[in-house]
Amino acid sequence: MNDSRKTQELFGQVAAKAVETVTVWADANQRVLREIVEFSTATAKEGVRLYAELQQTAIEALRDSQATAARWQGAWSDGAKDPVQACQRVLLDGVEGTQKVFKLLEGQAQAFTRAAERLQTSAEQAGKGIQETYTAVVTRVKDVYAQN
């Protein structure tokens, strides 16, 4: 009888530890999933923010190109009166247009850089949260099995 009771107690302890271990892992999985969802949400928000910024820049570039085309049209009609000044105006507009293109490209590169930096920060936070979760799981599981 005594052996039967010890076996039942041992089985009860093993079952209790197994249930507690499963509970610890379920909680950890929930925390990790929350970190992943938060990172995915931050990534989606960053993608939308970057798209909006690039779209705004493209709209500004389109407006500038339309204004430049209108000035060039005026320059060609005035070109018959003073061809030298018309050529100078077209040349200056070309240089200004090139500068604007480079500024546009620089602005887009900066937008990508800022987006990448924000994504890196989000990824680091998610990674840190996941690492802390698993460190806590290991500690908790060790505690569960260290108990007699």
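A compact table of results
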quantity: Charge dipole of the chain about the Cα centre (unit charges at C-beta), most positive-ward option of GLY129, VAL84, GLY74; calculated: GLY129
quantity: Relative intensity, log₁₀ I(q)/I(0), of the chain from a Debye sum that treats every alpha carbon as a point, q = 0.14, 0.15 Å⁻¹; calculated: -0.85, -0.90
quantity: Order of LYS45, LYS81 under a 10 Å beta carbon neighbour criterion, fewest first; calculated: LYS81, LYS45
quantity: Reach of LYS103 by Cα under 19 Å, taken over aspartates and glutamates that are not fewer than 8 positions away in the same chain; calculated: GLU53, GLU60, ASP64, ASP93
quantity: Theoretical gain in end-to-end length, ALA67 to ALA116 [0.36 nm per residue, Cα-Cα removed]; calculated: 14.3 nm
quantity: Within straight-line cross-link reach of LYS17, lysines at Cα separation under 27 Å, skipping those fewer than 8 residues along the same chain; calculated: LYS6, LYS142
quantity: In degrees, nearest ten, helix 83-146 long axis to first principal axis of the chain (Cα); calculated: 0
quantity: Degrees between helix 2-79 axis and first principal axis of the chain (Cα, 0 to 90, nearest 10); calculated: 0
quantity: Mean residue ellipticity (222 nm) of the chain, computed from DSSP H runs ≥ 4 via -39,500 (n - 2.57), nearest 500; calculated: -36500 deg cm²/dmol
quantity: FRET efficiency estimate (nearest 0.05) - Cβ-Cβ, ALA123 to ILE59, R0 30 angstrom; calculated: 0.45
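Where a number appears in this text, it was derived from the coordinates with a stated rule and is not lab data. Every value quoted in this text rests on a predicted model; they were computed, and no experiment measured them. No Cβ is skipped: glycine too gets one built from the backbone with ideal geometry, and neighbour counts run over all protein chains shown.
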